[in-house]
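The values are calculated or read from the model by the stated rules, or taken from the named source; none is laboratory data. For clarity, every value in this text was computed on a predicted model and none was experimentally measured. Note: ideal-geometry Cβ built from the backbone for every residue, glycine included; neighbour counts use all protein chains shown. Ligands, DNA and RNA are excluded from the accessible area calculation, which covers all protein heavy atoms including side chains. Shrake-Rupley method; radii C 1.70, N 1.55, O 1.52, S 1.80 Å.
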Amino acid sequence: MQLLSNFLKHKKIDSELIELIDTLMLACKEIALQLREGELAGVLGVSDNTNIQGETQKKLDIIANEVLKKVLLDNPIVRGVASEEEDFPVFGNSDGRFLVTFDPLDGSSNIDINVSVGTIFSILEVPAGVHENSVDLFLQPGVQQLAAGYVLYGPSAVLSLTTGDGVNMFTLAHTGDFLLTHEDVTIPADTSEFAINMSNQRFWEPGMRNYIDDLLAGSEGSRGRNFNMRWVASMVAEVHRILTRGGIFTYPWDSREPQKPGKLRLMYEGNPMSMLIEQAGGKSSTCYSRIMEIQPDAIHQRVSVALGSRNEVDTLLEYHQANKND
Ligand code: P6P
């Protein structure tokens, strides 16, 4: 089995990018250890803090965030980081080349019930000649990402990574090494499995309601076949399932907060997951446009998401187009 860094060297990936990915994995290994310990380490449960998202932070949200910040900012190749758990970006070496955005522990509402969670990351390069530290450094569309990935802390800890030349998966061995376990991941173009939080149905746009109604109608409906549903409430687990066997995941706009485009965050959920999905042959859309082409105007801005098997995402977009013309 090939070591992560040997695999990347063999792919002739930039040596400083390899160093950054190895640095990220140091942090993720520590997070995996803390999660494995769980109650034994006294790290479960909520803290007294609320983050900028208005969410009560779990103890492990804070631990994971602090580990990632320290490990990354100690490396002089990192200019700055932006985290779901930080109101503003945090800067390190002013000559650093890379910017990293991350959701330190996505799906953390699952921690206390021992269900899979994950760290999502996105790597950008500092625009040439920019010396001023500001949030603007990070506000680059998803197509500018150098690399993206997640570490899923499930029954095993698995890194799914893209550096722009396909998607590969690496499993964390008991030795502490990430070993190549799935090369050149490809998402089936069609699927019979969808993931959505059905409890929000009354808040969706007509296009989404009609699309889901037809999935639920199964073989008696216009789709003429039965569909299966999954909802883990952990985007990393949903995306991992889609990369592994296909499917469609959507967290659409809903009328509860009409001024917000969606629940998920563009910079450290939408963009990195979209890069993985597209690099594995899938599609990732807001339901109206390609997520990775959005020009961000705020570090915590939200986005509606529909991603997965290419042909099924296209079908969903047709339902939205049909209702837009109504
Ligand atoms: P809900 C986790 O909080 C998250 O950001 C994603 O990982 C997940 O897909 C979604 O929110 C779950 O949202 O409303 O079902 O709890």
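Observations
- Nearest 10 degrees, 0 to 90: helix 235-245 Cα axis against the chain principal axis: 70
- Rg and Dmax of the chain, Cα atoms only, in Å: 19.3, 61
- The trypsin sites (Lys or Arg not before Pro) of the range 212-253 that meet both conditions, a loop assignment by DSSP and at most 10 other Cβ atoms within 10 Å of the site Cβ, are ARG225.
- Counting only DSSP H runs of at least 4 residues, each contributing -39500 (n - 2.57), and dividing by the residue count of the chain, the helix-based mean residue ellipticity at 222 nm comes to -9000 deg cm²/dmol.
- Protein heavy-atom surface of the chain, 1.4 angstrom probe: 49% of the accessible area is carbon and sulfur, with nucleic acids and ligands not counted.
- Measuring max minus min along each principal axis, the C-alpha atoms of the range 193-325 give extents of 44, 33, 26 Å (largest first).
- Under 5 Å from the amide H of VAL46 lie the amide H atoms of LYS59, each residue being 5 or more positions distant or on a separate chain, with H modelled from the backbone and absent for Pro and chain starts.
- Rounded to the nearest whole Hz, the Karplus-based 3J(HN,Hα) values (6.51 cos²θ - 1.76 cosθ + 1.60, θ = phi - 60°) of the range 304-317 follow the sequence 7, 10, 9, 9, x, 4, 3, 5, 6, 5, 4, 4, 4, 5, with x at glycine and proline.
- Each of GLN321, SER83, SER15 was scored by the projection of its Cα onto the charge dipole of the chain, and the greatest displacement toward the positive side belongs to GLN321; charges sit on the C-beta of Lys, Arg, Asp and Glu.
- Spatially, the range 219-266 and the range 24-44 are offset by 28 Å when compared through their Cα centroids.
- Point-to-point label distance, TYR288-VAL135, nm (Cα→Cβ direction, 7 Å offset): 2.3
- Rounded to the nearest 20, the Cβ-based charge dipole of the range 193-325 about its Cα centre (Lys and Arg +1, Asp and Glu -1) stands at 180 debye.
- In this label model, ARG209 and VAL143 are separated by 3.5 nm, measuring between points 7 Å along each Cα→Cβ vector.
- A cut-off of 5 Å between modelled amide H atoms, ignoring neighbours fewer than 5 places along the same chain, links PHE227 with GLY218.
- Backbone N atoms of the range 136-168 closer than 20 Å to the 7 Å Cα→Cβ label point of LYS324 belong to residues 142-143.
- The label-point distance for GLN53 and GLN295, in a model that sets each label 7 Å from Cα toward Cβ, rounds to 2.7 nm.
- Between ASN6 and GLU66, the FRET efficiency estimated from the beta carbon spacing at R0 = 30 angstrom works out to 0.50.
- The overall shape of the range 4-182 is oblate: from the C-alpha gyration tensor, with semi-axes ordered a ≥ b ≥ c, the ratio a/c is 1.5 or greater and a/b is no larger than b/c.
- Per residue, the solvent-accessible area of the chain (1.4 Å probe, heavy atoms of protein chains only, all protein chains present) comes to 42 Å².
- Simple point charges give the picture: +1 on the Cβ of Lys and Arg, -1 on the Cβ of Asp and Glu, and for the chain a dipole about the Cα centre of about 520 debye.
- Farthest positive-ward along the chain dipole, Cα basis, beta-carbon charges - from GLN34, SER285, VAL46: SER285
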